[in-house]
Amino acid sequence: MKSVNKILVVDDEHAVTVLLAETLREVGYSVDTANDGFKAIAACKVRTPDCIVLDLNMPLMGGKGVYQRVRKEEKTKDIPIIFLAARDEQLPTDMDERMSAEDILYKPVQPNELLSRIKAVLREKSLREELKQKEQQIKDLQLTDQLTELKSTRFLNEFLTIGIKQARRYKVPVSVCLLEIDNFAEISKKLGAKNTDTLVSSVAGHIQDQMRDTDIVVRTGPFEYMVVLTVTNQVGAIEVAERLRMSVEEKEFDAGDTQEKVTVSVGICQFANHMDDDGKLLTSHARAAMHQARDEGGNMSLMAE
């Protein structure tokens, strides 16, 4: 069901608010009214409007004061505003650029012109919100692996940078475990692309379920996962790596049309002060240990030297 746009009409002349409200309600808008600036601010807090029709010249708090208060609040700062003004009244001389860019309707307001302006600003507001939503979706896509819904390598880089800074400053350990599914080439050939993707996602979910909220799991390759362990030294990292390795070995994973048992090779490394600040050396040492574990037959965990 399509939601009804809410319009707030603000004018110190009661007859004007009644007339404009009736005009707007006749075409299906939901309308609130206020006869001074303070009531307008209160009305915005009770029910956030999609558009404000605001008289510029009112006693006590005029349209400029309402405008400034509305623009300061996060909840209301992007609400489109259409100002009302009498042709024989002088506009405020100190209107800022953004305020001057708002629509101004001169009294007496013609119903068709009011409806046309409101339709236009609501359309523009809708397009801005759609663009903002798409920008957020793009950002989320960049931080999330779409197959497994784990964090992406971009997120990993940002997380490691922060974690390493904390490790240096507060002398707290941070370690990584790098896991790779053993014999992935044979598994992929056996299962096919679609079932292999299901398997990779199933393993990812299992690893994620084993971790603390303060740790992150990232898919760093087609068959590879990295676990970043915060406040964890090499002894703790080895324990985690072995627990993960054995839990993977014992489980049957969903592979689409079948269930599949797999094993993983794990490389472990703890951050040391001689390493770089972006984690490249830390991860390369873990990867070297993982490759050694794989080359020695797989299904084992090795600590980087």
Some residue of segment 177-194 being part of a helix (DSSP H, G or I), closer than 20 Å to residue 208 by Cβ and among the hydroxyl-bearing types (Ser, Thr, Tyr): no
Among (1) over 30 Å from residue 82 (Cβ atoms); (2) at pLDDT 85 or above; (3) part of a helix (DSSP H, G or I), the one test that residue 122 misses: (1)
Just a yes or no: is a residue in segment 58-73 at positive phi and among the aliphatic types (A, V, I, L, M)? yes
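For (1) modelled with pLDDT of 90 or more; (2) buried (at least 18 other Cβ atoms within 10 Å of the Cβ), each residue gets a yes or a no:
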position	(1), (2)
2	no, no
14	yes, no
34	yes, yes
44	yes, yes
48	yes, no
52	yes, yes
59	no, no
64	no, yes
86	no, no
Scan segment 1-26 for residues that are assigned to a loop (DSSP other than H, G, I, E, B) and under 34 Å from the mean Cα position of the chain (by Cα) and jot them down. 1, 2, 3, 4, 5
Those residues of segment 27-48 that are free of Cβ contacts under 8 Å to residues at least 60 places away in the same chain and part of a loop (DSSP other than H, G, I, E, B) come to a total of 5
Cβ-Cβ distance below 6 Å, separation of 6 or more or different chains: which pairs start in segment 142-159 with a residue that is assigned by TED's automatic domain parsing to the domain that holds residue 213 and end on one that is exposed (fewer than 14 other Cβ atoms within 10 Å of the Cβ) and part of a loop (DSSP other than H, G, I, E, B)? none
Go through 305, 242, 224 for me and flag whichever is surrounded by fewer than 21 Cβ atoms within 10 Å (Cβ to Cβ) and within 15 Å of residue 181 (Cβ to Cβ). 224
Considering only segment 245-298, state which residues are without any contact (Cβ under 8 Å) to a residue 40 or more places away in the chain and surrounded by 22 or more Cβ atoms within 10 Å (Cβ to Cβ). 285, 293
Using the structure shown, decide if residue 204 is over 21 Å from residue 150 (Cβ atoms) and not aromatic (Phe, Trp, Tyr). no
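The values are calculated or read from the model by the stated rules, or taken from the named source; none is laboratory data. These figures come from a predicted structure and were not determined experimentally. Here the Cβ is made from the backbone with ideal geometry for all residues, glycine too, and neighbour counts use every protein chain on show.
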